[in-house]
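Here is the structure we will look at, set down as structure tokens.
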Amino acid sequence: MTAAAFTLDELAAIAARVIGVRALALSPGMAAGEVPGWDSLNHTLIMLEVANARGIALGAEETAVLPDFAAVVALVNARLGPPPG
Amino acid sequence: MMRFGFEAAAPEAPALAFADAAGTRRWTQRALWSAAATEAARIAARTAPGDLVLIVSRTRPEAMALFLGAMLAGRPPAFFPPRSPRTDPAYFARQQTEAIRRIAPALVAATEAETRDGLLALSPELAPRLLEDAPAPEADWQAARAQFAARLRGAAHGGIPLFLQHSSGTTGIKKACAITAPALVAHFDAYWRQVVRARLAPDARVASWLPLYHDLGLVMAFLMPLLNAAPIACLDPFDWVARPQGLPDLIEAERATLCWMPNFAFRHHVRLQPFLARRDLSSMQAWISASETCHARDAEDFEAAYAAWGVRPGTVTALYGMAETVCAMTQSLPGRRRALAAPRDVAPGAVLGRERLATDLAAAAAAWPGARLILSSGRPVPGTRLAVYRDGAPQPEGIYGEIGVRSASFVGHAGAARLPDGGFPTGDLGVILDGEAFVLGRLKEVIIVAGRNLHAGDVEAVAGAVPGAKPGRIVAFGVENAATGTEDLVIVAERDAAAGVTPDALRAAIARAVTAEFLVSAQAVRVVEERWLVKSTAGKIAREANRRKYLAEQAA
């Protein structure tokens, strides 16, 4: 059985919880540097939360160099395997 | 005559253990001094005594050998930060080139090819001053060791500083402190011998992820243990941020006993704990919080989070220091934790009496609702005296105000202000009670985010230059964040409606510009309409009034 696809909304919810804000509006073309509060320490925590929630290995270093959130979501989905169906 | 541990250390005794993704590299005393002797010869061949050597490098044994080699050669070295993975390479190169132009080092050593290439691409004129990698004959490590001991005793290169360190974090090159051999030796004797070895950990083995371009990392995680021949286990700070498991791994593997970190790192490790693999940390004798306001709750929560890993209650201590005194001015002792219940709004001259001291944090929080529980930084180290000063005069204990210091290891910096009695005003606000220092914040408008000093005016200048922001109508300030154990950087910017930039776009652009400039992410960027910001009667943006207005609106 394959996992449900990871989404930008799921990333935004995890990031908001880590950063300590009510909600975050992320768009696929945005990057961490454009989000107040998304610093390198929180980036590590966010990626640890994502890895833990989805049961995958995900390094803070490999995601820090990705150009935008779309690429982060794509990397998580690649680790999860092909979508169901 | 003072003898240093390194003079008699066995050749094969451990000097450095450096861990990164590739594994752990170990250097013996012989390897470290051999490499330093080789670097000293390479540096001496390119420069004259007294010339400044700038080392731009991540933490690694080779950079430490370069630094030691430059000191051996009588060419004062200084560490400069390398590019962070989050910094734009072109911006970094421009910034470093400007800094290098201003301080005009005779030699620049960049240990990573990427840093070297970046500097050369933007400033080809630096080429003649770059220290190239080249094979060098092995040098006499025992002679180097003896030569360094002679330098420390003033018998070689007298009058030339040992090294330079910079006293203010990220916003440019603020104050270069020239550390002399007598100052370093005085610090070693007073802090390392009489406090660390005698009261914290007789078997000193240091674990660190601190950057070498910061005085805490340079002095505590390199120079002090170097003089003592105490083993150093280290990580690069960027590696620690990306892979924090590295620190408990290193402590367990090397049976470390001492670790210095800024306050935010204790809180960060509390948040990390559920994700880290358990390691045995029972070897640790003392954790030392420094470089920013030390919060008692963060110390206690850290001990509780890692109790099952062997961290003992009362082992998180605190140090108060600054680059101008080499590093440490005070140190608290394990098992003797005291906190001060400090009001959130307090003006210099106010009395904060002994009734506010507490050992039971829960009781203190109940007795003083809303108070900040500030960890005691302990008593001054031998040879150092601290007092709160007002109008140039030392005040009795319990008066809150600017802390002044007189210290045997004081070197100051060019243009440093002095107090009438010869002391040095630190710019830090606090109170002395029962001889212990409680440091609450900064006199100047400095925001300390995760150990980095940001000058509010510098942040406002960068944010104000973003298209769409109204020039001169920006304010930056710090807000304490209990969840992260440090200050949040908050920016409030008035939008120039005529510029045609949306509030969301302006917010993102300011966040991007500030992150790129200072390597610090603003926790909040609030875009407001014109005339939101409060001005003083002198027509200047009133930082504190705007901070209060922002917090009141956030709470509403």
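The values are calculated or read from the model by the stated rules, or taken from the named source; none is laboratory data. Everything quoted here is computed from the prediction, not taken from an experiment. So basically every Cβ, Gly included, is an ideal-geometry build from the backbone, and we count neighbours across all protein chains shown. Surface areas here come from the heavy atoms of the whole protein model, side chains and all, with no ligands, DNA or RNA. Shrake-Rupley method; radii C 1.70, N 1.55, O 1.52, S 1.80 Å.
Of note:
- Scanning the stretch B:89-105 for residues that are at pLDDT 80 or above and open to solvent by 20 Å² or more (accessible area, probe 1.4 Å) yields one hit, B:ALA104.
- Residue list for the stretch B:384-410, restricted to those being open to solvent by less than 40 Å² (accessible area, probe 1.4 Å) and part of a loop (DSSP other than H, G, I, E, B): B:GLY392, B:GLY398, B:TYR400, B:SER409
- For the stretch B:219-236, the criterion of being within 14 Å of chain A (Cβ to nearest Cβ) and closer than 20 Å to B:MET284 by Cβ is met by at least one residue.
- Test result for B:ALA463, open to solvent by less than 10 Å² (accessible area, probe 1.4 Å) and assigned by TED's automatic domain parsing to the domain that holds B:ILE541: yes
- Residue in the stretch B:522-530 that is within 14 Å of chain A (Cβ to nearest Cβ), touching a Pro at 6+ places or on another chain (Cβ under 9 Å), at positive phi and crowded, with 20+ Cβ neighbours inside 10 Å present: no
- Filter result for B:GLU517 (of a type in the set (Asp, Glu) and in contact with a strand residue (DSSP E or B) (Cβ under 6 Å, 6 or more places away or on another chain)): no
- The sole residue among B:GLY217, B:GLY169 that is at pLDDT 95 or above and among the small types (Gly, Ala, Ser) is B:GLY217.
- Test: B:LEU454 is of a type outside the set (D, E, K, R), closer than 30 Å to B:ARG473 by Cβ and open to solvent by 10 Å² or more (accessible area, probe 1.4 Å): no
- Within the option set B:VAL475, B:VAL439, being away from chain A (no Cβ under 14 Å), closer than 18 Å to B:THR330 by Cβ and of a type in the set (Val, Ile, Thr) holds for one residue only, B:VAL439.
- If you go through the stretch A:60-72 and keep only what is over 17 Å from B:ASP239 (Cβ atoms), open to solvent by 30 Å² or more (accessible area, probe 1.4 Å) and within 13 Å of another protein chain (Cβ to nearest Cβ), you end up with A:LEU66, A:PRO67, A:ASP68.
- Check on A:PRO82, away from chain B (no Cβ under 12 Å) and under 23 Å from B:VAL514 (Cα atoms): no
- Within the stretch B:77-88, tally of residues that are open to solvent by 10 Å² or more (accessible area, probe 1.4 Å) and modelled with pLDDT of 95 or more: 0
- Of the criteria (1) crowded, with 16+ Cβ neighbours inside 10 Å; (2) in contact (Cβ under 8 Å) with a residue 12 or more places away in the chain; (3) at the interface with another protein chain (Cβ under 10 Å from one of its Cβ atoms), which one A:GLY20 fails: (1)
- Taking first residues from the stretch B:219-238 that are closer than 16 Å to B:GLN194 by Cα and free of Cβ contacts under 8 Å to residues at least 60 places away in the same chain and partners that are open to solvent by 10 Å² or more (accessible area, probe 1.4 Å) and in a loop (DSSP other than H, G, I, E, B), the Cβ contacts under 8 Å between residues at least 6 apart in sequence or on separate chains come to B:PRO225/B:PRO231.
- Scope the stretch B:351-372; condition at pLDDT 95 or above and assigned to a strand (DSSP E or B); matching residues: B:VAL351, B:LEU357, B:ALA358
- Residue match in the stretch A:2-11 (condition: of a type outside the set (A, V, I, L, M) and at pLDDT below 95): yes
- Residue within the stretch A:46-59 that is within 11 Å of another protein chain (Cβ to nearest Cβ), closer than 21 Å to B:VAL527 by Cα, in a loop (DSSP other than H, G, I, E, B) and free of Cβ contacts under 8 Å to residues at least 24 places away in the same chain present: no
- Enumeration of residues in the stretch B:106-135 that are exposed (fewer than 14 other Cβ atoms within 10 Å of the Cβ) and either among the aliphatic types (A, V, I, L, M) or farther than 16 Å from B:LEU52 by Cα (or both): B:ALA113, B:GLU114, B:ASP117, B:ALA121, B:PRO124, B:GLU125, B:ALA127, B:GLU132, B:ASP133, B:ALA134, B:PRO135
- Residue in the stretch B:537-545 that is open to solvent by 30 Å² or more (accessible area, probe 1.4 Å) and within 14 Å of chain A (Cβ to nearest Cβ) present: no
Quick grid of which residues meet (1) closer than 15 Å to B:THR315 by Cα; (2) aliphatic (A, V, I, L, M); (3) more than 18 Å from the chain's Cα centre (by Cα):
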{"site": "B:PRO237", "(1), (2), (3)": "no, no, no"}
{"site": "B:PRO248", "(1), (2), (3)": "no, no, yes"}
{"site": "B:ALA253", "(1), (2), (3)": "no, yes, yes"}
{"site": "B:ALA256", "(1), (2), (3)": "yes, yes, yes"}
{"site": "B:TRP260", "(1), (2), (3)": "yes, no, no"}
{"site": "B:PHE264", "(1), (2), (3)": "no, no, no"}
{"site": "B:HIS268", "(1), (2), (3)": "no, no, no"}
{"site": "B:GLN273", "(1), (2), (3)": "no, no, yes"}
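- Entry remark, the stretch B:243-262: residues being in contact (Cβ under 8 Å) with a residue 40 or more places away in the chain and within 13 Å of chain A (Cβ to nearest Cβ) number 5 in total.
- Selection within the stretch A:23-45: residues that are open to solvent by 20 Å² or more (accessible area, probe 1.4 Å) and among the polar types (S, T, N, Q). The member of this set that is nearest to the other protein chains (Cβ to nearest Cβ) is A:SER40.
- Scanning the stretch B:207-218 for residues that are of a type in the set (A, V, I, L, M, F, W, C) and away from every other protein chain (no Cβ under 14 Å), we see that the one that is farthest from B:MET71 (Cα to Cα) is B:ALA207.
- Complete set of residues in the stretch B:490-512 that are more than 14 Å from chain A (Cβ to nearest Cβ), surrounded by fewer than 18 Cβ atoms within 10 Å (Cβ to Cβ) and not aliphatic (A, V, I, L, M): B:ASP496, B:GLY500
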